[in-house]
Amino acid sequence: MSRSETELMLKGHGLITAEILYRMPDCQSMLQVFTWQDYDLAPEFPKLHGFLEFWEAELDGPLHSVRYSHQHLVRAGEWRKVDGEILLN
């Protein structure tokens, strides 16, 4: 069952962005950059680790390095329900 982004954020997930440097399979002296984003749970980062395990098992370009940034966008205390909306024109 897929959860919405809002549900994930309220359960503690934050947006993680990973910059992955990898070597080109046919030219090992060249590095290529791949950017990956998803909602993940700090500090274990199971989705990031799962993606990197998939990369190493299934893709030809060997990993050189990974840099990541993680940010909680919404915390449970910052969320409030709105019951109505008034539009002024």
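The table for this structure:
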| read-out | value |
| --- | --- |
| Accessible solvent surface per residue of the chain, calculated while the other protein chains remain in place, 1.4 angstrom probe, Å² | 79 Å² |
| Helix 46-58 vs. the chain, principal-axis angle (Cα, 0 to 90°, nearest 10) | 30 degrees |
| Normalised convex hull volume, the chain, alpha-carbon set, Å³ per residue | 165 Å³ |
| Computed label-point distance, nm, for sites residue 41 and residue 69 using a 7 Å Cα→Cβ extension | 2.5 nm |
| Förster radius 41 Å - calculated FRET efficiency between residue 60 and residue 3, Cβ distance, rounded to 0.05 | 0.80 |
| Cα-centred dipole magnitude for the chain, charges only on beta-carbon of K, R (+1) and D, E (-1), debye, nearest 20 | 320 debye |
| Positive-end residue, the chain charge dipole about Cα centroid, Cβ charges, pick of 82, 22, 63 | 82 |
| Other-chain or far-sequence residues with amide H under 5 Å of residue 42's (modelled H) | 14 |
| From phi via Karplus (6.51, -1.76, 1.60), per-residue ³J(HN,Hα) for segment 4-10 in Hz, x at Gly/Pro | 6, 4, 5, 4, 4, 5, 5 |
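The values are calculated or read from the model by the stated rules, or taken from the named source; none is laboratory data. Fair warning: this is a prediction, and the values are worked out from it, not measured in the lab. Positions of Cβ are backbone-derived with ideal geometry, glycine not excepted, and every protein chain shown enters the neighbour counts. These accessible areas exclude ligands, DNA and RNA; they are computed on the full protein's heavy atoms, side chains included. Shrake-Rupley method; radii C 1.70, N 1.55, O 1.52, S 1.80 Å.
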